[in-house]
Amino acid sequence: MPRYLSLKRLLITFNYKFSLYAGRPFYSSFEKPVNIFYWKEGYKSRGLWPHGYKVDRREKIIGYTHLGKHLLFVFENGSVKVHLGLFGSVLVNERKKVNRSFFLEFSKGEINGYVVRAQKLTAPLNEIYDWRVDILSKEFDPAYIKTLLKKQKDKTIDDVLMDQEIFSGVGNIIRNEALYRAGIHPLSVTGKIPAAKITKLIKEAVNYARLFYEELETKGKKLPFAVYQQQFAADGSEVIMKVLPKSKRKIFYSEHKQTMYE
């Protein structure tokens, strides 16, 4: 079952994409589920939407949640999935000078999305999403994840960790930090990694994600990185940075701390 979050927690979860405006008590304005929902017609010329939709009627919000990088607004007659991609952003009670690709307007505030992809989901979320792969869900199932990893035995673990159908919610920071804590080289072949190390990696990914968001929520700041974007790792060893040829994402690792399995 999806876990509904307060909008505040949802904003924290998507901290790198949302613009937060300090000192504006907007959270309480969105908690009452008696709002008007507007769904702007897609801008096909910009490629922001796969189809053109337009909804302009009252909808009652049941809750807010997410699965991995999908932001979900749950209504009485369905849900709306918003994916921010690499360049999307969401503003609360603030607008840019360009057209919005998605927005929610409430009696006392608004949420505006720019360069995001939105899609209306008519089926129940439990029929669409598998919460067993959501690293922050209470239904996250390490045993099930291990069965999925066996099907990816020939891939490198850095790629597998970013597969949202296996580790939903893992991004580049969590990937690098979890691998460092588990002592696994990012270019290790998944099928060659010892079972005990796989267990530790799954545990470290979940633990780091929870600590990361708890730190943002309680203290308003990020956890210190052990290896990500560092010159020297937490153990004092030198950090190596490489750009992956396929994804163009950067990986950071310590050859002293992290073992290669190949």
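The values are calculated or read from the model by the stated rules, or taken from the named source; none is laboratory data. Model, not experiment: these values are computed from the prediction. Here the Cβ positions follow ideal geometry from the backbone for every residue, glycine too, while neighbour counts run over all protein chains shown.
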* Quick one: which of K138, K153, K120 is surrounded by fewer than 20 Cβ atoms within 10 Å (Cβ to Cβ), under 19 Å from A195 (Cα atoms) and of a type in the set (D, E, K, R)? -> K153
* Structure fact -> The lone condition T218 fails out of (1) at pLDDT 95 or above; (2) within 25 Å of L67 (Cβ to Cβ); (3) polar (S, T, N, Q) is (1)
* Asked: Is it the case that some residue within the range 165-178 is small (G, A, S), under 21 Å from the mean Cα position of the chain (by Cα), assigned by TED's automatic domain parsing to the domain that holds K246 and in a helix (DSSP H, G or I)?
  -> yes
* To do: Quick one: Y53 ticks every box in (1) part of a loop (DSSP other than H, G, I, E, B); (2) at pLDDT 75 or above except a single one, so which number is it?
  => (2)
* To do: Starting from the range 241-252, take each residue that is surrounded by fewer than 12 Cβ atoms within 10 Å (Cβ to Cβ) and list its partners that are of a type outside the set (S, T, N, Q), counting only C-beta distances under 6 angstrom and pairs at least six apart or across chains.
  => V243/K250
* Tally the residues that are more than 15 Å from M162 (Cβ to Cβ) and either within 15 Å of the chain's Cα centre (by Cα) or at pLDDT below 95 (or both), restricting the search to the range 196-206. => 1
* Structure fact -> Selection from the range 192-211 of residues of a type in the set (A, V, I, L, M) and surrounded by 15 or more Cβ atoms within 10 Å (Cβ to Cβ) yields I193, I198, L201, I202, A205, V206, A209
* Would you say V98 is among the β-branched types (V, I, T), outside any strand (DSSP E or B) and in the same structural domain as L71 (by TED's automatic domain parsing)? -> yes
* Do any residues in the range 155-178 that are over 17 Å from G85 (Cβ atoms) have Cβ atoms under 7 Å from those of residues that are part of a loop (DSSP other than H, G, I, E, B) and small (G, A, S), where the two are at least six apart or on different chains, and which pairs are they? -> T156/S188; I157/S188; E177/A226
* **Among (1) of a type in the set (K, R); (2) farther than 29 Å from D130 by Cβ; (3) not in a loop (DSSP other than H, G, I, E, B) - the single one R181 does not satisfy** => (2)
* **Near pairs, Cβ below 8 angstrom, 6+ apart or cross-chain, from the range 116-132 (under 13 Å from G78 (Cβ atoms)) to any residue that is assigned to a helix (DSSP H, G or I)** => L121/I128
* To do: Would you check if A234 is within 30 Å of T147 (Cβ to Cβ), surrounded by fewer than 20 Cβ atoms within 10 Å (Cβ to Cβ), in the same structural domain as F140 (by TED's automatic domain parsing) and touching a helix residue (DSSP H, G or I) at 6+ places or on another chain (Cβ under 9 Å)?
  => no
